[in-house]
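Beneath this line is the structure, given in structure tokens, with notes to follow.
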Amino acid sequence: MPAGGEDAARKFYSGILGIAETAKPAHLARRGGCWFERGDLKIHLGVEAEFRPARKAHVALLVADLRELEEKLEASGHAFKEDEPLEGYRRIYVDDPFGNRLELMEPDQRAPR
């Protein structure tokens, strides 16, 4: 993430995606950035001086209610797009506030597993 983007990160990762922010260790906190964690899920955003977003490489997050997330994304002005189906999943792509690509996936209850 770029320097000074902590508030935007909090609004997106905690406010929209619902992943709680956790305190960074003191010796790392002075570098800036944010950490978000829920159970085994850990997203650590560090500051890069010459930041360039990850446009193709991305993380994929399994979610429980993709329709609800789509509504939250739309309400907050974050555009998303559906991609080709992946067997057994409904999925969308969205950019975080810094242009990093994220894939949000929900198991398709209609699809055989």
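The values are calculated or read from the model by the stated rules, or taken from the named source; none is laboratory data. The model shown is predicted, which means the values in this text are computed figures rather than measured ones. Counting neighbours? That spans all protein chains shown, and the Cβs are built from the backbone with ideal geometry, glycine included. Ligands, DNA and RNA are excluded from the accessible area calculation, which covers all protein heavy atoms including side chains. Shrake-Rupley method; radii C 1.70, N 1.55, O 1.52, S 1.80 Å.
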Which far-off residues, 5 or more places away or on another chain, put their amide H under 5 Å from the one on Leu61, with H placed in the peptide plane? Glu103, Leu104, Met105
Estimated D of the range 61-113 in µm² per second, where Rh is the Kirkwood radius over Cα pairs and Stokes-Einstein applies at 10 °C, 1.306 mPa s: 138
Towards the positive end of the charge dipole of the chain, with charges on Cβ (+1 Lys, Arg; -1 Asp, Glu), say which of Pro97, Cys34, Ala9 has the farthest Cα. Cys34
Pull up all non-local amide H partners of Gly32: gap of 5 or more, or a different chain, and H-to-H distance under 5 Å with H placed in the peptide plane. none
With a 1.4 Å probe and every protein chain kept in, tell me what percent of the accessible surface of the chain is carbon plus sulfur. 50
Tell me the label-point distance for the pair His27, Ala75, using the 7 Å Cα-to-Cβ offset, in nm and rounded to one decimal. 4.2
Give me the lysines in straight-line cross-link reach of Lys56: C-alpha distance below 21 Å, same-chain residues under 8 apart excluded. Lys42, Lys81
Given contacts defined as C-alpha pairs under 8 Å and at least six residues apart, what's the relative contact order of the chain, whole-number percent? 24
Please compute P(r) over all alpha-carbon pairs of the chain, binned at 5 Å starting from zero, and give each bin as a whole-number percent. 2, 11, 20, 23, 20, 12, 7, 3, 1, 0
